[in-house]
Amino acid sequence: MSKGWGWWFLAGFAVWTFFALQWTDLGCEYPEAYMAVVRFGTPEGLEFLPACAG
């Protein structure tokens, strides 16, 4: 893998982490927060989404 691709993956992971941190502010654990980004995107307002339901 070239250096260029490595930077793209690092940038993508940084963006994914930024969005996951928004879910942790709403009470999700870290693994749930990362999956919530994949399933629901970013949280919008105070609308409840079943992202963190155990």
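Quick look at the numbers
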item: Criterion violated by residue 27 - all others in (1) assigned to a loop (DSSP other than H, G, I, E, B); (2) on the phi < 0 side of the Ramachandran plot satisfied; result: (2)
item: Residues of segment 15-54 satisfying the condition of being modelled with pLDDT of 90 or more and surrounded by fewer than 10 Cβ atoms within 10 Å (Cβ to Cβ); result: 31
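The values are calculated or read from the model by the stated rules, or taken from the named source; none is laboratory data. Bear in mind that the values here come from a model prediction, so they are computed numbers and not experimental data. A quick note on method: Cβ atoms are made from the backbone with ideal geometry, for glycine too, and the neighbour counts reach across all protein chains shown.
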